[in-house]
Amino acid sequence: MLAQGLAVRVRPLFAASVPLRVKAPTIFVVIIYLASSRGYLLSLRYVQGFSSFSGFQGLMLFPRTSLTIFLVVAFALLTAVGLWMLDGVFAADGFGGAEGGANIFVPFLGVSMVLLAVVVAWAVWPLLRTSGTSAQAGAGQPGAVLPPPAVFSAGEMPDVSQVELPVSEYALETYKAAVDHAPAAIMITNNRGRIEYVNAAFLKTSGYSRNEILGRSPAMFGAGHTRSEVYADLWQTILSGSVWRGEVCNRRKSGEEYWENMAISPLRDRFGRVSHFVAVREDITERKGREEDLRQLAQVDVLTGIANRRYLIDRAEQERRRAERFGQPLALLMVDIDHFKAINDEHGHAVGDQVIRMVAQTCAGSVREIDIVGRYGGEEFVIVLPGTLPEGARELADRLRQQIAAIGVAGADGAPVAVTVSIGFADFEPGDDLEQLLAAADAALYRAKSLGRNCVVAVTDCLRKGPPGDVQ
């Protein structure tokens, strides 16, 4: 029934006058190509996420996929119309019917077969070419197919083993331009750690030229301050396929040291093997400087440059806990400048500040690196001596008192100002808290003041367990 109906519609067409037979193929071809183009544009919006591209953009960025879609749509439409017309030809007594009737179907059949051959060749050629380039890529030669563009979340690794479509040359140029002009410093090394690429921002930060960097190891930028444990953790992380993040201190070509916040991620080839490493670096020298300034404000006394009261208490408490945990000795000295109010009143605050600075510097220069020196009050200082017995604490206190007495500070009238200190000290016993230790040293200091100043007094065990008052 369908064939008879189509024959009724087609037979008049084949039996028509010659002008109609001439125009009919042309009209059909125009309609088919218009329908093919429209089908191609619509299909681009639902294939491989092309919905954000126009037809021309899709053709430029993904030419193989775009042309394949177009050829398939054209082949399908031409075949359908050809079969429809073939039904009409048979209904009109075969190919030898009306004059020129057979010539209407033959062009459609020929174009359809040509399109079929092109589609098959278009689909088979990339497979043959890919199999050839895979062996070359495995031998270290160029020709490997790169993955198409994709968006990855932070820390996510691209799975290039699932990639089927190659990236167009236009897209590759776009990506390279974006990396070349990125504001962050970017470096790419091979899996042996040799530099293969650096962008303009990296060259500007390091001060080196491209020829001085390529082929060398990133160790050339090290300033020697990063611990070996950091590098061991770095390699262990990236070789396991994870992203490493951290801060390192590097050196520019000029010799200037700078801090970088660095993220290194491994890249895998199509076989899942780590082939390259990408390092993105950010110069954080200014930020580290601000952090150091804040640390100074939080921990260091502005006038003297030694620990302030808050930081002193924190460090002293840490040493007290360590002494109690491991049963180690601990001594604490409290130093106070004698007659400081009289110095301020007679010579002014500028001289008074100079006296405080000189005493602080003398205290800091007379102790070990593990000892803690801090400004406890206006003219009062505390020295924490980890691992020190009472005999060692007394010896240090006597030496410190003599050194301070030898300080030469010029007064307002140019005459030297006599500077002496009184020192009280206490040693730690299990069960003592920091407040008790400070109170015991303060009681010994008070006793030294009452004994005429410029002397050293140690609190007795009896005093530390009872009310302050009995000192020696």
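The values are calculated or read from the model by the stated rules, or taken from the named source; none is laboratory data. The shown structure was predicted, so the numbers you read here are calculated from the model rather than taken from an experiment. Ideal geometry is used to build each Cβ from the backbone, glycine not excepted, and the neighbour counts take in all protein chains shown. Side chains included, ligands, DNA and RNA excluded: accessible areas come from the protein's heavy atoms. Shrake-Rupley method; radii C 1.70, N 1.55, O 1.52, S 1.80 Å.
Checking VAL421 against (1) surrounded by 15 or more Cβ atoms within 10 Å (Cβ to Cβ); (2) out of contact with any Asp or Glu (no Cβ under 8 Å at 6 or more places or on another chain); (3) not aromatic (Phe, Trp, Tyr): exactly one of these is not met. Which one?
Failing condition for VAL421: (2).
What about GLU282, is it touching a residue at least 60 places away in the same chain (Cβ under 8 Å), acidic (Asp, Glu) and open to solvent by 40 Å² or more (accessible area, probe 1.4 Å)?
Considered against the rule, which asks whether it is touching a residue at least 60 places away in the same chain (Cβ under 8 Å), acidic (Asp, Glu) and open to solvent by 40 Å² or more (accessible area, probe 1.4 Å), GLU282 comes out as yes.
Given the structure, is ARG252 open to solvent by 30 Å² or more (accessible area, probe 1.4 Å), at pLDDT 90 or above and under 20 Å from PRO218 (Cβ atoms)?
It is true that ARG252 is open to solvent by 30 Å² or more (accessible area, probe 1.4 Å), at pLDDT 90 or above and under 20 Å from PRO218 (Cβ atoms).
Picking from ALA263, ALA279, which residue would you name as being in contact with a Lys or Arg (Cβ under 8 Å, 6 or more places away or on another chain) and either aliphatic (A, V, I, L, M) or modelled with pLDDT of 90 or more (or both)?
Answer to the selection: ALA263.
Across region 255-275, which residue is farthest from VAL198 (Cα to Cα) among those that are open to solvent by less than 60 Å² (accessible area, probe 1.4 Å) and over 17 Å from the mean Cα position of the chain (by Cα)?
GLY272
Kindly indicate which of ALA232, ALA178, ALA171, ALA223 is at pLDDT 50 or above, closer than 15 Å to VAL278 by Cβ and not hydroxyl-bearing (Ser, Thr, Tyr).
Criteria check complete, one pass: ALA178.
In region 321-367, which residue that is polar (S, T, N, Q) and free of Cβ contacts under 8 Å to residues at least 40 places away in the same chain is nearest to ASP432 (Cα to Cα)?
Restricting to residues being polar (S, T, N, Q) and free of Cβ contacts under 8 Å to residues at least 40 places away in the same chain, the top hit is SER366.
Among the residues of region 279-300, are any within 30 Å of ALA360 (Cα to Cα) and assigned to a strand (DSSP E or B)?
yes
I'm checking my understanding of the structure. Among residues of region 368-405 that are open to solvent by 30 Å² or more (accessible area, probe 1.4 Å) and of a type in the set (A, V, I, L, M), which one is nearest to the chain's Cα centre (by Cα)?
Among those that are open to solvent by 30 Å² or more (accessible area, probe 1.4 Å) and of a type in the set (A, V, I, L, M), it is ILE370.
Could you check region 193-232 and list, in sequence order, the residues that are part of a loop (DSSP other than H, G, I, E, B), touching a strand residue (DSSP E or B) at 6+ places or on another chain (Cβ under 8 Å) and under 21 Å from PRO266 (Cα atoms)?
Listed by number, the residues that qualify are GLY193, ASN199, LEU214, GLY215, ARG216, SER217.
With respect to ASP301, is the statement that it is under 30 Å from VAL351 (Cα atoms) and open to solvent by less than 50 Å² (accessible area, probe 1.4 Å) true?
Yes; evaluated as a whole, the condition is true for this residue.
Taking the stated definitions as given, is ILE370 in contact (Cβ under 8 Å) with a residue 24 or more places away in the chain and either among the β-branched types (Val, Ile, Thr) or at negative phi (or both)?
no
Just to be sure I understand the filter: pairs with C-beta atoms under 9 Å, separated by 6 or more residues or on different chains, first member in region 401-415 and closer than 17 Å to ARG453 by Cα, second member open to solvent by 70 Å² or more (accessible area, probe 1.4 Å). Which pairs pass?
From residues that are closer than 17 Å to ARG453 by Cα, the pairs are ALA405/ALA418.
Looking only at region 412-437, which residues are part of a strand (DSSP E or B) and either out of contact with any Phe, Trp or Tyr (no Cβ under 8 Å at 6 or more places or on another chain) or more than 21 Å from ILE337 (Cβ to Cβ) (or both)?
Within region 412-437, PRO416, VAL417, VAL421, SER422, ILE423, PHE425, ALA426, ASP427 meet the criteria.
With the condition kept exactly as written, say whether any residue in region 227-234 is closer than 14 Å to ARG281 by Cβ, open to solvent by less than 60 Å² (accessible area, probe 1.4 Å) and free of Cβ contacts under 8 Å to residues at least 24 places away in the same chain.
No, because not a single residue in region 227-234 is closer than 14 Å to ARG281 by Cβ, open to solvent by less than 60 Å² (accessible area, probe 1.4 Å) and free of Cβ contacts under 8 Å to residues at least 24 places away in the same chain.
So in region 438-461, with the set limited to residues that are part of a helix (DSSP H, G or I) and among the aliphatic types (A, V, I, L, M), which one is farthest from ALA426 (Cα to Cα)?
ALA448
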